[in-house]
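Engineer: The structure is given below, and queries will be raised subsequently.
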Amino acid sequence: MTRDGLTLRPTFGHVAMCVVCHENTKAPVPVRDIPSTSGPETTLYACPDHAAEVSPGPILGELDTRP
Ligand SMILES: [Zn+2]
């Protein structure tokens, strides 16, 4: 850890909306990626309370078979 890591204000983490309760969460759990034909995939997130309720789908890189 550097001195800056001890002295600078912590940055806010990734914030995303839960697909179940539609509330923003600061601890999003990626549950599924939706492929797109015109750009990058869209990742759906759930809050920690609802992550276990969502049927998981493949997320980016999960199906890669390359080493
Ligand atoms: Zn939720």
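The values are calculated or read from the model by the stated rules, or taken from the named source; none is laboratory data. Fair warning: this is a prediction, and the values are worked out from it, not measured in the lab. Heads up, the Cβs are rebuilt from the backbone with ideal geometry, glycines too, and the neighbour counts pull from every protein chain shown. With ligands, DNA and RNA removed, areas are computed over all heavy atoms of the protein, side chains included. Shrake-Rupley method; radii C 1.70, N 1.55, O 1.52, S 1.80 Å.
Engineer: In the stretch 25-67, which residue that is hydroxyl-bearing (Ser, Thr, Tyr) and outside any loop (DSSP other than H, G, I, E, B) is farthest from residue 15 (Cα to Cα)?
Structural biologist: That would be 42.
Engineer: What single numbered condition from (1) loosely packed, with under 10 Cβ neighbours inside 10 Å; (2) at pLDDT below 85; (3) not charged (D, E, K, R) fails to hold for residue 13?
Structural biologist: (1)
Engineer: Within the stretch 35-54, can you find the residues that are without any contact (Cβ under 8 Å) to a residue 12 or more places away in the chain and open to solvent by less than 80 Å² (accessible area, probe 1.4 Å)?
Structural biologist: Scanning the stretch 35-54 gives 36, 39, 42.
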